[in-house]
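Novice: So that we are looking at the same thing, I have put the structure below in structure tokens.
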Amino acid sequence: ESLEPASKHQRIEYPKPDGVLTFDRLSSVFLSNTNHEEDQPIHLQLKNPELQKTSELDVYAGPSTRYCPAGVYEWVEKDGQDVYVINAQNCVHCKTCDIKDPNQNINWVPPQGGEGPVYPNM
Ligand code: SF4
């Protein structure tokens, strides 16, 4: 409910992490020791894959690539097409995507075998 179309806003250019006070996302994901078997059924499911392109990207400029703290979601160009990539193995189970997706199109389900981040060791 809080997201507005990207056309109503100016793009924010964030400074790169300095490695002192701010850190890149994948270094922080590494610290969580998150682990999912590579070939397990994906635990991040799209209800309607088309909607990610027509709305999440075209209207909202791909917010999942910014709000996900683990860099799970990427829009990459392949053969002139925008392709939505879900790196589910990096998920740290915060469930932000399940709540924040503007179309409620991402469904987080518990991963097979209870895999994921190892928070007790942090
Ligand atoms: S639950 Fe969603 S937002 Fe959170 S880390 Fe996993 S994919 Fe990213």
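The values are calculated or read from the model by the stated rules, or taken from the named source; none is laboratory data. Please read all numbers here as calculations on a predicted model, not as lab measurements. Heads up, the Cβs are rebuilt from the backbone with ideal geometry, glycines too, and the neighbour counts pull from every protein chain shown. Protein only, heavy atoms only, side chains kept; ligands, DNA and RNA dropped before computing areas. Shrake-Rupley method; radii C 1.70, N 1.55, O 1.52, S 1.80 Å.
Novice: For S28, all conditions in the list (1) open to solvent by less than 50 Å² (accessible area, probe 1.4 Å); (2) on the phi < 0 side of the Ramachandran plot hold save one; what is the number of the exception?
Specialist: (1)
Novice: Please go through the range 59-99 and give me each residue that is surrounded by 14 or more Cβ atoms within 10 Å (Cβ to Cβ), farther than 28 Å from P120 by Cα and either in contact with a Cys (Cβ under 9 Å, 6 or more places away or on another chain) or of a type in the set (D, E, K, R) (or both), ordered by number.
Specialist: E74, the sole residue that qualifies.
Novice: Of all strands (runs of 3 or more DSSP E) completely enclosed by the range 1-117, which ones contain at least 2 residues that are of a type in the set (D, E, K, R)?
Specialist: Values: elements: 44-46, 73-78, 81-86, 106-108.
Here the list reads 73-78.
Novice: If you go through the range 43-58 one residue at a time, how many are touching a residue at least 12 places away in the same chain (Cβ under 8 Å), open to solvent by 80 Å² or more (accessible area, probe 1.4 Å) and of a type outside the set (K, R)?
Specialist: Going through the range 43-58, the residues touching a residue at least 12 places away in the same chain (Cβ under 8 Å) turn out to be 43-49, 51-53, 55-57.
Next cut, open to solvent by 80 Å² or more (accessible area, probe 1.4 Å) only: 47, 49.
Right, trim to of a type outside the set (K, R) and you get 49.
Counting residues in the range 43-58 that are touching a residue at least 12 places away in the same chain (Cβ under 8 Å), open to solvent by 80 Å² or more (accessible area, probe 1.4 Å) and of a type outside the set (K, R) gives 1.
Novice: Let me ask something else about it. Hey, does the range 50-63 have a residue that's modelled with pLDDT of 95 or more, touching a strand residue (DSSP E or B) at 6+ places or on another chain (Cβ under 8 Å), away from the ligand (no atom under 16 Å from the Cβ) and not charged (D, E, K, R)?
Specialist: Within the range 50-63, one or more residues are modelled with pLDDT of 95 or more, touching a strand residue (DSSP E or B) at 6+ places or on another chain (Cβ under 8 Å), away from the ligand (no atom under 16 Å from the Cβ) and not charged (D, E, K, R).
Novice: (1) polar (S, T, N, Q); (2) crowded, with 18+ Cβ neighbours inside 10 Å; (3) touching a residue at least 60 places away in the same chain (Cβ under 8 Å); (4) more than 11 Å from the ligand (Cβ to nearest atom): which one isn't true of Q112, the others all being true?
Specialist: (2) is the only condition that Q112 fails.
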